[in-house]
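Asks: Below are the structure tokens for one structure; questions will follow.
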Amino acid sequence: MKPLVKLPAMCAVIGLMVASSCVPNRKITYLQHENELKEPESIVTDSLVRMYEAGDWGYQLQPNDLLNITVASQTPEEFNPLYLADRYMVSGAMGASQQNQSMGYRVDPAGELHLPVIGTIHASGLTIKTLEDSINYRFQWELEDPVTKVNIINFKFSVIGEVNSQNTIFSSDNVLTLLQAVSMAGGPSEFGDISRVKVVRWIGEEHYVFYVNLLDETFLSSEFYFIQPNDVVVISPLKARSYLKYVSPNLGIITASISLLLSVVTLIAVFQ
């Protein structure tokens, strides 16, 4: 009957295996605030609870940025020099060249932007808003009340690691958050650790690396809230990834085998 003494220990082992195969909610729930997971009754609905200041996107243009630039104005077509220089730059113009649209205007390696009619602007280091204001200023002697809109055509970023769809993603929307970027890659896999997301950012000739915690609600006010062109987002695996990936799916087979073994041991002990 001595083998029976080991039964509680074996059951305890099985219990620990089952418990460790589960990832707690606190490791997978985005934007947690204090103890709201432990005390869900404390959550106040249908009213403003907290507010975070996200700040501006603030991206500074760099060499090789490809820009889509349109200028709206009250100037009639026959007096608008852009209709002859580049019809596509006229906002809402009929028959604008689709080929020009795909080419855009590129910031050259020296940081210069060469535009028809108004010439060269040093664009590297300027924000989108500052560049729009500069173009408006240059056109004020050519057009009536010019309003410029600038968009980055080759806006792209990469999301790799423990996500459902590793990819380099192009976006026509230049103002994207890191949360949206991860979502566009299918979200983290079941093994993804969003408490230490690495972001590699290229600025000038240097690469900067920083980490963010998407589990923490205070990320909404982080200076890294927005994604920038050419960012590389890396989702690291959970520390228990190997166990979760290889052992957990086979846990049913393992526990069934142990149960069978215990049954056999028990029968042998009974008949001895």
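The values are calculated or read from the model by the stated rules, or taken from the named source; none is laboratory data. All values derive from a computational prediction rather than experimental measurement. All Cβ positions, even for glycine, are placed from backbone atoms using ideal geometry, and neighbour counts span all protein chains on display. SASA here: full protein model, heavy atoms, side chains in, ligands and nucleic acids out. Shrake-Rupley method; radii C 1.70, N 1.55, O 1.52, S 1.80 Å.
Asks: Quick check on my filter: what residues within the stretch 158-183 are without any contact (Cβ under 8 Å) to a residue 24 or more places away in the chain and of a type outside the set (Ser, Thr, Tyr)?
Replies: Gln166, Asn167, Ile169, Phe170, Asp173 - these are the residues of the stretch 158-183 that are without any contact (Cβ under 8 Å) to a residue 24 or more places away in the chain and of a type outside the set (Ser, Thr, Tyr).
Asks: If you don't mind, there's one more thing I want to ask. Within the stretch 48-95, restricting attention to residues that are charged (D, E, K, R) and loosely packed, with under 13 Cβ neighbours inside 10 Å, which residue is nearest to Asn230 (Cα to Cα)? It would help to see each step written out before you state the result.
Replies: Looking only at the stretch 48-95, we keep the residues that are charged (D, E, K, R), and these are 50, 53, 56, 65, 77-78, 86-87.
Adding the requirement that they be loosely packed, with under 13 Cβ neighbours inside 10 Å leaves 50, 53, 56, 77-78.
Values: Arg50: 32, Glu53: 25, Asp56: 18, Glu77: 38, Glu78: 41 Å.
That would be Asp56.
Asks: Which pairs have Cβ atoms under 9 Å, sit 6 or more apart or on different chains, and link a residue in the stretch 201-220 that is within 20 Å of Leu61 (Cα to Cα) to one that is among the polar types (S, T, N, Q) and part of a strand (DSSP E or B)?
Replies: Ile203/Gln60
Asks: For the stretch 233-240, indicate whether the set of residues that are open to solvent by 60 Å² or more (accessible area, probe 1.4 Å), modelled with pLDDT under 95 and either polar (S, T, N, Q) or over 22 Å from Ile28 (Cβ atoms) (or both) is non-empty. Working first, answer last.
Replies: Restricting attention to the stretch 233-240, the residues satisfying the condition of being open to solvent by 60 Å² or more (accessible area, probe 1.4 Å) are 239.
Those still in the list that are modelled with pLDDT under 95 too: 239.
Going one step further and asking which of them are either polar (S, T, N, Q) or over 22 Å from Ile28 (Cβ atoms) (or both), we end up with none.
Taking every residue of the stretch 233-240 in turn, none turns out to be open to solvent by 60 Å² or more (accessible area, probe 1.4 Å), modelled with pLDDT under 95 and either polar (S, T, N, Q) or over 22 Å from Ile28 (Cβ atoms) (or both).
Asks: Could you say whether any residue in the stretch 134-145 is farther than 30 Å from Leu82 by Cβ, hydrophobic (A, V, I, L, M, F, W, C) and in contact (Cβ under 8 Å) with a residue 24 or more places away in the chain?
Replies: Residues of the stretch 134-145 that are farther than 30 Å from Leu82 by Cβ, as a first pass: none.
For the stretch 134-145, residues farther than 30 Å from Leu82 by Cβ, hydrophobic (A, V, I, L, M, F, W, C) and in contact (Cβ under 8 Å) with a residue 24 or more places away in the chain: absent.
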